[in-house]
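Right, one structure below, let's go through it.
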Amino acid sequence: MVVIDHGMGGGANRYRDIRLDTLRKTGASVVLVTSDLPSLTYRLRLTDAASGMQVDCRVEDQVELLRVIESMSPTAIEINSLVGYDDVSAMLTAFIRMRRSHPALRFRFNLHDFHALCPSFTLMDMSGKYCGVPKHEVCRACLPANARFSLGMNAGIDIVDWRRAWAEWLALADERVAFSKSSLDIFSQGIPEVASLAWRVEPHVLDLTHLRTVEPRLDNPMVVVAVGHLNHAKGAELLGALARRAEERRLPLRFAVIGTVEGGAVPASVAVRGAFRRDQLCELLEAEGAGMAFLPSICPETYSYVTDELMATGLPIAVLDIGAPAERIASYHSGLLLPREGLDQQLDALVAFARRIGARF
């Protein structure tokens, strides 16, 4: 079996590693293929189920990668993500050709990102905002100017051809797995024909036994804590802008990050605590004096492990009204859906939420 993924870390890789362990326990021998963007190469790691032995190798280009995969005569190909691959349409075409030669070859697709809709796999447009999956003519104007959010892999791509290639491969897939209803709804906006295909909506199952209830601190100012690694799509600039505006307005809120922030996006008043182990989360939230948690993602996440982990602590949680986190927080006992735009409206909602959960200011 061949599992294909990017090598950038995050929730998709976390899911992949859990799945690989499950597959190996069934006795399957698995080849993991990952893209390595810094070196523009590909890594293959074979784990033999019988012996547990691992064999690693690298190939320099996609043509050689496809030749190696085909020579293995795999029984199944599972796409976790094709972010970072040179020519995605060529990959999909090659897999379809393999299927025609070997009809028993099985395909599985995991909807971890929106790469099948656009090389800007978080659906950030060229201005850095969620695009909303507009009409093709809007995409055709945006994509050539959107190297930042497509990792520079946007040259010469026609969005209609791109989605057509994915639609053809998805129609042949034996398993199609989404991790939230909202992600499947968004996906179907861009490739409407996939809506009629059979999908399994299967939320992630996490081991949360290392987590416990954290009592919110109702201090003045209330500490609003974001968790994880924040880049642009994950809301780094938004968090920074909220913190600055809250200072200007002298609002009773203080922002902090248990995790890391890219690019100096937040002011010095925001405490950034750095990388942490997951079994430290509750202690770190308590040490920070967290009154509420905040997920500032401005992109529609397809799931969010952090959301599950924070819900397990019982803390009040605020998220933007977009994507899978909003889908779950809408029914959470102490959740707030923030408007997607407007710093003042977002801050007013956070202050009102803080008062609702017991803050006295």
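Any residue at all in the stretch 216-224 that's among the basic types (Lys, Arg), modelled with pLDDT of 95 or more and assigned by TED's automatic domain parsing to the domain that holds Asp348?
Looking through the stretch 216-224, none of the residues is among the basic types (Lys, Arg), modelled with pLDDT of 95 or more and assigned by TED's automatic domain parsing to the domain that holds Asp348.
Would you mind stating whether Thr34 is in the same structural domain as Pro119 (by TED's automatic domain parsing), modelled with pLDDT of 95 or more and within 23 Å of the chain's Cα centre (by Cα)? Before the answer, list the steps.
Working: in the same structural domain as Pro119 (by TED's automatic domain parsing): yes; modelled with pLDDT of 95 or more: yes; within 23 Å of the chain's Cα centre (by Cα): yes.
So Thr34 passes the test.
Among the candidates Gly132, Gly128, single out the residue that is assigned by TED's automatic domain parsing to the domain that holds Ala165 and free of Cβ contacts under 8 Å to residues at least 12 places away in the same chain. Give the steps one after another, and end with the answer.
Values: Gly128 fails: free of Cβ contacts under 8 Å to residues at least 12 places away in the same chain.
Among Gly132, Gly128, only Gly132 is assigned by TED's automatic domain parsing to the domain that holds Ala165 and free of Cβ contacts under 8 Å to residues at least 12 places away in the same chain.
So which residues in the stretch 163-197 are within 26 Å of Ile18 (Cβ to Cβ) and touching an Asp or Glu at 6+ places or on another chain (Cβ under 9 Å)?
Of everything in the stretch 163-197, those that are within 26 Å of Ile18 (Cβ to Cβ) and touching an Asp or Glu at 6+ places or on another chain (Cβ under 9 Å) turn out to be Leu170, Glu175, Val177, Ala178, Phe179, Ser180, Lys181, Ser182, Ser183.
Given the criteria surrounded by 13 or more Cβ atoms within 10 Å (Cβ to Cβ) and either in a helix (DSSP H, G or I) or out of contact with any Gly (no Cβ under 9 Å at 6 or more places or on another chain) (or both), does Asp161 qualify?
On the way: surrounded by 13 or more Cβ atoms within 10 Å (Cβ to Cβ): no; either in a helix (DSSP H, G or I) or out of contact with any Gly (no Cβ under 9 Å at 6 or more places or on another chain) (or both): yes.
So Asp161 fails the test.
Which of the following residues is closer than 17 Å to Leu172 by Cβ and either in contact (Cβ under 8 Å) with a residue 60 or more places away in the chain or not in a helix (DSSP H, G or I) (or both): Arg16, Arg108? Break it down into steps so the answer makes sense when it comes.
Details: Arg16 fails: closer than 17 Å to Leu172 by Cβ.
The conditions single out Arg108.
So for the stretch 314-323 (the condition being part of a helix (DSSP H, G or I) and acidic (Asp, Glu)), does at least one residue qualify?
From the stretch 314-323, those part of a helix (DSSP H, G or I) are 323; that's our starting set.
Imposing the further condition that a residue be acidic (Asp, Glu) reduces the set to none.
Looking through the stretch 314-323, none of the residues is part of a helix (DSSP H, G or I) and acidic (Asp, Glu).
Considering only the stretch 51-67, I want to know if a residue exists there that is within 22 Å of the chain's Cα centre (by Cα) and modelled with pLDDT of 95 or more.
Checking the stretch 51-67: not a single residue is within 22 Å of the chain's Cα centre (by Cα) and modelled with pLDDT of 95 or more.
Could you list, in sequence order, all residues of the stretch 164-193 that are in a helix (DSSP H, G or I) and closer than 18 Å to Gly323 by Cβ? Can you show your working first?
Step one: list which residues in the stretch 164-193 are in a helix (DSSP H, G or I), which gives 164-172, 181-190, 192-193.
The answer is Lys181, Ser182, Ser183, Leu184, Asp185, Ile186, Phe187, Ser188, Gln189, Gly190.
Which one of Leu20, Leu44 is in the same structural domain as Met72 (by TED's automatic domain parsing) and modelled with pLDDT of 95 or more?
On the way: Leu20 fails: modelled with pLDDT of 95 or more.
Step by step, each of Leu20, Leu44 is checked, and only Leu44 is in the same structural domain as Met72 (by TED's automatic domain parsing) and modelled with pLDDT of 95 or more.
Every residue, every condition in (1) touching a His at 6+ places or on another chain (Cβ under 9 Å); (2) surrounded by fewer than 17 Cβ atoms within 10 Å (Cβ to Cβ); (3) within 30 Å of Asp21 (Cβ to Cβ); (4) not acidic (Asp, Glu), yes or no:
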{"residue": "Asp48", "(1), (2), (3), (4)": "no, yes, yes, no"}
{"residue": "Arg67", "(1), (2), (3), (4)": "no, yes, yes, yes"}
{"residue": "Ile79", "(1), (2), (3), (4)": "no, no, yes, yes"}
{"residue": "Tyr130", "(1), (2), (3), (4)": "no, no, no, yes"}
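Can you name the condition, by its number, that Gly27 falls short on among (1) surrounded by 12 or more Cβ atoms within 10 Å (Cβ to Cβ); (2) modelled with pLDDT under 90?
(1)
Looking only at the stretch 283-308, which residues are part of a helix (DSSP H, G or I) and hydrophobic (A, V, I, L, M, F, W, C)? Break it down stepwise before answering.
Let us first name the residues in the stretch 283-308 that are part of a helix (DSSP H, G or I), namely 283-288, 305-308.
Leu284, Leu285, Ala287, Val306, listed by residue number.
Quick one: how many residues across the stretch 214-248 are more than 19 Å from Arg356 (Cβ to Cβ) and either touching a residue at least 24 places away in the same chain (Cβ under 8 Å) or of a type in the set (Val, Ile, Thr) (or both)? Even if it seems obvious, please write down each step before you answer.
Start the filter on the stretch 214-248 by keeping residues that are more than 19 Å from Arg356 (Cβ to Cβ), which leaves 226-241, 243-245, 247-248.
The next check asks that each one be either touching a residue at least 24 places away in the same chain (Cβ under 8 Å) or of a type in the set (Val, Ile, Thr) (or both); those that pass are 226-241, 243, 245.
Total satisfying the criteria: 18.
The values are calculated or read from the model by the stated rules, or taken from the named source; none is laboratory data. The structure displayed is predicted, hence computed values, not measured ones. Every residue, glycine among them, receives a Cβ derived from its backbone with ideal geometry; neighbour counts consider all protein chains shown.
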